[in-house]
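Peer 1: I have a structure here, written as structure tokens, and I will follow up with some questions on it.
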Amino acid sequence: QSGTARTALNDETSDYYPVPLLRTALRPGTVFADPYGHTLILVSWVPQTSSNPGLLLAVDAQPDGTVGIKRFWKGNFLFNTSGVIGEPGFKAFRPIRVVKGNPVLMSNKELTESAGFIPFSLQQRKMESDVFYHTMERLINPKPLDPEAELLDLIQALYEQLLVRVTSVANGETHFRSHPGTVIPMPSSAT
């Protein structure tokens, strides 16, 4: 369930560990856990060119069964560290090593000291949302976009998000038309 990715950033017993906000660390397979329970998995970087903005793409699944590709922007990658349960952000799957025939999760120190692994990082801990989004924008578009290109890119991202929502609502309407009177049980508490 999606809550497993929102564990404390320094928890060495979790399946995930936080990574630095560096292009080399945000590899395909890296997980993004938002503070409200949604999880995305990075799949690709599209480099910025002189005529097109860069893109960071992730795969996303919805409760209605749809799976799609979403670009990084604040409408898809929600980031907030204040007043939320757990600690959100980009995280990698914690590797397992074998010690005396037993599987053992690698410690944060081992991850930082071992070549070949993305290092453990607390960079995202208590990071302000504005700082997070600015840092990511500089990674995705190292050369600042002109204002018109930036606005068009934002409109495109919003348009893509709206298409996903239209599909999700249509899937819900189709389900209820084919299952009249169905009641979907809601969680009994917020925890």
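Peer 1: Quick one: in segment 122-131, of everything that is in contact (Cβ under 8 Å) with a residue 60 or more places away in the chain and surrounded by 16 or more Cβ atoms within 10 Å (Cβ to Cβ), which residue is nearest to Leu78 (Cα to Cα)?
Peer 2: Filtering first and then ranking leaves Gln124.
Peer 1: Determine which single condition Glu173 fails, assuming it passes every other condition in (1) in a helix (DSSP H, G or I); (2) without any contact (Cβ under 8 Å) to a residue 40 or more places away in the chain; (3) within 26 Å of Pro53 (Cα to Cα).
Peer 2: If we test Glu173 against (1) in a helix (DSSP H, G or I); (2) without any contact (Cβ under 8 Å) to a residue 40 or more places away in the chain; (3) within 26 Å of Pro53 (Cα to Cα), just (3) comes out false.
Peer 1: Here's something else I'd like to know. Can you report the number of residues in segment 46-74 which are surrounded by 13 or more Cβ atoms within 10 Å (Cβ to Cβ) and in contact with a strand residue (DSSP E or B) (Cβ under 7 Å, 6 or more places away or on another chain)?
Peer 2: Here the count works out to 14.
Peer 1: Quick check on this structure: which one of Pro95, Pro28, Pro88 is touching a strand residue (DSSP E or B) at 6+ places or on another chain (Cβ under 6 Å), surrounded by fewer than 19 Cβ atoms within 10 Å (Cβ to Cβ) and within 20 Å of Phe120 (Cα to Cα)?
Peer 2: Pro28
Peer 1: Take the conditions part of a loop (DSSP other than H, G, I, E, B), in contact (Cβ under 8 Å) with a residue 40 or more places away in the chain and either acidic (Asp, Glu) or surrounded by fewer than 14 Cβ atoms within 10 Å (Cβ to Cβ) (or both) and apply them to Pro119. Does it pass?
Peer 2: No: the conditions fail for Pro119.
Peer 1: Given the criteria open to solvent by 70 Å² or more (accessible area, probe 1.4 Å), at pLDDT below 80, basic (Lys, Arg) and not in a loop (DSSP other than H, G, I, E, B), does Arg165 qualify?
Peer 2: yes
Peer 1: Restrict the check to segment 132-140 and report whether at least one residue is open to solvent by 100 Å² or more (accessible area, probe 1.4 Å) and assigned to a helix (DSSP H, G or I).
Peer 2: There is at least one residue in segment 132-140 that is open to solvent by 100 Å² or more (accessible area, probe 1.4 Å) and assigned to a helix (DSSP H, G or I).
Peer 1: Can you pull out every residue in segment 141-151 that is over 21 Å from Arg27 (Cβ atoms), surrounded by 13 or more Cβ atoms within 10 Å (Cβ to Cβ) and either at pLDDT 80 or above or not acidic (Asp, Glu) (or both)?
Peer 2: If the condition is that a residue be over 21 Å from Arg27 (Cβ atoms), surrounded by 13 or more Cβ atoms within 10 Å (Cβ to Cβ) and either at pLDDT 80 or above or not acidic (Asp, Glu) (or both), then Leu145, Ala149 are the ones that fit.
Peer 1: How do the strands (runs of 3 or more DSSP E) wholly within segment 1-101 filter down when requiring 1 or more residues that are charged (D, E, K, R): which remain?
Peer 2: It comes to 55-61, 67-71, 89-93, 96-99.
Peer 1: Quick one: in segment 75-85, which of the residues that are under 10 Å from the mean Cα position of the chain (by Cα) and open to solvent by less than 40 Å² (accessible area, probe 1.4 Å) is nearest to Phe32 (Cα to Cα)?
Peer 2: Out of the qualifying residues, it is Phe77.
The values are calculated or read from the model by the stated rules, or taken from the named source; none is laboratory data. Quick caveat: nothing in here was measured; it's all calculated off a predicted structure. For neighbour counting, all protein chains shown are included, and Cβ atoms are generated from backbone atoms with ideal geometry for every residue, glycine included. What goes into the accessible areas is simple: the full protein's heavy atoms, side chains included, and nothing from ligands, DNA or RNA. Shrake-Rupley method; radii C 1.70, N 1.55, O 1.52, S 1.80 Å.
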